[in-house]
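Enquirer: What follows is a structure written as structure tokens; I'll ask about it next.
The values are calculated or read from the model by the stated rules, or taken from the named source; none is laboratory data. Note that the structure is predicted; figures quoted are calculated from it, not measured. So basically every Cβ, Gly included, is an ideal-geometry build from the backbone, and we count neighbours across all protein chains shown.
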């Protein structure tokens, strides 16, 4: 898509303001730079495209570096939650409980689904059949029991009392 002259001008004005911040120019230094690049104009709004480009080149000569905006990593949004049955609710509840206890670090649907897929090959816990759901529930319960045993052993060894 080709930019119009007005769009190019607006983009250059934004870049000049970014450059001003990056170079830490005060207002008088910024206006002096604009005046030198445009033969007297001290406002970027009043400048032509070639004058704006000249001002940008002057800022680049002073050390301004244009960088592409940082993009967020592409991630899939969480799949919808399907709490249509008790087993799905139990799986999600155990997952949240493990997160609350600090065992699971990521409580998101995506993390839970990754765990379920690793255990069963099914991409979403709401799509599990009864047998697979039961197996996942039992694995989560066993995980919870292991962590509780470790905590109890830690309480005995360090002399502290947990209530």
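Enquirer: Take residue 134 and decide whether it is touching a residue at least 40 places away in the same chain (Cβ under 8 Å), closer than 27 Å to residue 150 by Cβ and not in a loop (DSSP other than H, G, I, E, B).
Expert: On the way: touching a residue at least 40 places away in the same chain (Cβ under 8 Å): yes; closer than 27 Å to residue 150 by Cβ: yes; not in a loop (DSSP other than H, G, I, E, B): yes.
Considered against the rule, which asks whether it is touching a residue at least 40 places away in the same chain (Cβ under 8 Å), closer than 27 Å to residue 150 by Cβ and not in a loop (DSSP other than H, G, I, E, B), residue 134 comes out as yes.
Enquirer: Turning to a different aspect of this structure: When the stretch 92-109 is examined, which residues are found to be outside any helix (DSSP H, G or I), within 19 Å of residue 150 (Cα to Cα) and free of Cβ contacts under 8 Å to residues at least 24 places away in the same chain? Let's see the steps before the verdict.
Expert: Narrowing the stretch 92-109 to residues outside any helix (DSSP H, G or I): 101-108.
Cutting the leftovers down to within 19 Å of residue 150 (Cα to Cα) gives us 101-105.
Within the stretch 92-109, 102, 104, 105 qualify.
Enquirer: Residue 7 versus (1) in contact with a helix residue (DSSP H, G or I) (Cβ under 9 Å, 6 or more places away or on another chain); (2) over 30 Å from residue 141 (Cα atoms); (3) at pLDDT below 90; (4) surrounded by 11 or more Cβ atoms within 10 Å (Cβ to Cβ): which is the lone unmet condition?
Expert: (1)
Enquirer: Within the stretch 32-58, how many residues turn out to be without any contact (Cβ under 8 Å) to a residue 24 or more places away in the chain and assigned to a helix (DSSP H, G or I)?
Expert: 11
Enquirer: Let me ask you something else. May I ask you to list the residues in the stretch 110-131 that are buried (at least 18 other Cβ atoms within 10 Å of the Cβ) and either in a helix (DSSP H, G or I) or in contact with a strand residue (DSSP E or B) (Cβ under 6 Å, 6 or more places away or on another chain) (or both)?
Expert: Within the stretch 110-131, 112, 113, 115, 116, 120, 125, 126 meet the criteria.
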